[in-house]
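S.K.: One structure is given below, represented as structure tokens, and several questions about it will come after.
Derivation of every value follows stated rules applied to the coordinates shown; laboratory data play no part. Quick caveat: nothing in here was measured; it's all calculated off a predicted structure. Glycine gets a Cβ as well: all are built from the backbone with ideal geometry, and neighbour counts include every protein chain shown.
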2 protein chains.
Amino acid sequence: LASSALPRPVARVIDEFARLPGVGNKTASRLAFHLLRADREQARALAAALAGLADGIVTCSRCCNIAEADPCPVCADPAREPSVVCVVEEPLDVLAIERTGTYRGLFHVLHGAISPVDGITPADLRIRELILRLQSEPIREIILATNPSLEGDATAMYIERSVRALPDEGIRITRLARGLPIGGDIEYADEITLARALEGRRDV
Amino acid sequence: LASSALPRPVARVIDEFARLPGVGNKTASRLAFHLLRADREQARALAAALAGLADGIVTCSRCCNIAEADPCPVCADPAREPSVVCVVEEPLDVLAIERTGTYRGLFHVLHGAISPVDGITPADLRIRELILRLQSEPIREIILATNPSLEGDATAMYIERSVRALPDEGIRITRLARGLPIGGDIEYADEITLARALEGRRDV
């Protein structure tokens, strides 16, 4: 907290900004002074948005995505194909795949990936919920669309083994084609690359 | 506004973050989802800090720095040397010079630098207030501590000419020694470099 000689309200904003991931003290200062100089409305609008960030946000009981209603709009849409489920790590990944405009199935959001280094185990992810869906919904294919990273691959492999262990066989398990740059994040992929990866998905 | 498929409260936070300078849509999304996942207290604390950002913040009527009282703590301190005034562009520059621990004079904050490209003229800065101080306070030296940039140099030159044009001669005008990296910002300088630049200041 490097801002003790500043007026306390300004120091407080700098300290709170600096708690955000990837925001250092210098960036935090720049942002605070920008808001202090800018139209007072801008700081108020950001404050109001943050205060309401979690207002009415629920987790869809079917796909575990964040939404304003349960079921979420995708799960509630009768035009979506309920026999295909695309498994992703984060809500932003759903957004990236929706932007391709080529996917008509449902989703399942894990809210993370297995990462022993960060202490994230399968029990911390929504994998149990996925297994329950496989046992209660008419799902014929799951697309493992975890990130092409160490953690994403470990998570996909764990899910594949869990599904293969189910008594009822016949569920197709696919992964996105490796057109994706390794080590990257799905949400950073452009629409065309991501659409190609969906089309070229392979059986595991 | 790339976030239309997200819950509105989340999209709103992303859009507001993305209005900040240097924050793109991807960074804004990362910050919003970080806060959504983190302890709810963190988003609330940032919201409260932002809502109170300008609470009780005044401009010191003497040095034009932002403060919680008028006069500000520096101007109100009888131990400060009132005959020396250090002229800076921004409140963060005051902080940087205070951190050297070697300066005992007063300050004058211009709140910017002359920049024709950005439409900032001398009339937009607190230069008139500085001239009035020179005519009413026992000031023997002004240190022009504007940034070592095109805009900072133009501002220093403008102030120098304005002071030289005053009828009462005898005010010493100095600039920080050029140990500062050209093109940089005063607030990024380390304490030792900045202390040396203060010691080695030269007559203009």
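S.K.: Once the Cα atoms of helix A:8-18 and of chain A are each reduced to a long axis, what angle between those two axes, in degrees from 0 to 90 to the nearest 10, is obtained?
M.R.: 30 degrees
S.K.: Measuring label to label, 7 Å along Cα→Cβ, what does residue B:161 give against each other copy in nm, shortest first?
M.R.: The projected label point of residue B:161 is separated from its counterparts by 7.6 nm.
S.K.: Same structure again: Can you give the relative contact order of segment A:82-136 as a percent, counting alpha carbon pairs under 8 Å and 6+ residues apart?
M.R.: After rounding, I find 32 percent.
S.K.: Counting helices only, and only those DSSP H runs with n ≥ 4, report the 222 nm mean residue ellipticity of chain A as the sum of -39,500 (n - 2.57) divided by its residues, in deg cm²/dmol to the nearest 500.
M.R.: The helix-only estimate for chain A comes to -12500 deg cm²/dmol at 222 nm.
S.K.: A further question follows. Which one, B:132, B:47, B:96, is farthest towards the positive end of the dipole of segment B:4-144 when Lys and Arg carry +1 and Asp and Glu -1 on their Cβ?
M.R.: Selected residue: B:47.
S.K.: Now a separate question. Taking each label point as 7 Å beyond Cα in the direction of the beta carbon, state the distances from residue A:8 to the same residue in the other copies, shortest first, in nm.
M.R.: Here residue A:8 shows inter-copy label distances of 3.7 nm.
S.K.: How far, in nm to one decimal, is residue B:68 from itself in the other copies if the label point is set 7 angstrom along Cα toward Cβ? Shortest first, please.
M.R.: Those separations, rounded to one decimal, come out as 3.9 nm.
S.K.: Could you please point out the chain A residue with its Cβ nearest to the axis of the rotation taking chain A onto chain B, and the distance in whole angstrom?
M.R.: Value returned for chain A: A:47, 2.
S.K.: Among B:41, A:129, rank each residue by its count of other Cβ atoms within 10 Å, from fewest to most, as a rough exposure measure.
M.R.: The order, fewest Cβ neighbours first, is B:41, A:129.
S.K.: Okay, moving on. For chain A, calculate the relative contact order in percent as a whole number, restricting contacts to Cα pairs under 8 Å that are 6 or more residues apart.
M.R.: Relative contact order here is 15 percent.
S.K.: Using the Karplus curve 6.51 cos²θ - 1.76 cosθ + 1.60 with θ = phi - 60°, work out ³J(HN,Hα) for each residue of segment B:113-121 in order, rounded to whole Hz, and write x for Gly and Pro.
M.R.: Using θ = phi - 60°, the values come out as 9, 4, 8, x, 4, 8, x, 9, 9 Hz.
S.K.: Step through the residues of segment B:30-45 one at a time and calculate ³J(HN,Hα) from phi using the Karplus curve (6.51 cos²θ - 1.76 cosθ + 1.60, θ = phi - 60°), rounding each to whole Hz and writing x for Gly and Pro.
M.R.: Ordered by residue, 3J(HN,Hα) equals 4, 5, 4, 6, 4, 5, 5, 7, 6, 2, 3, 4, 5, 5, 5, 5 Hz.
S.K.: Also, I was wondering about something else. Average partner chain C-beta neighbours within 10 Å, per residue of B:29-35?
M.R.: The mean count of partner-chain Cβ atoms within 10 Å per residue comes to 5.
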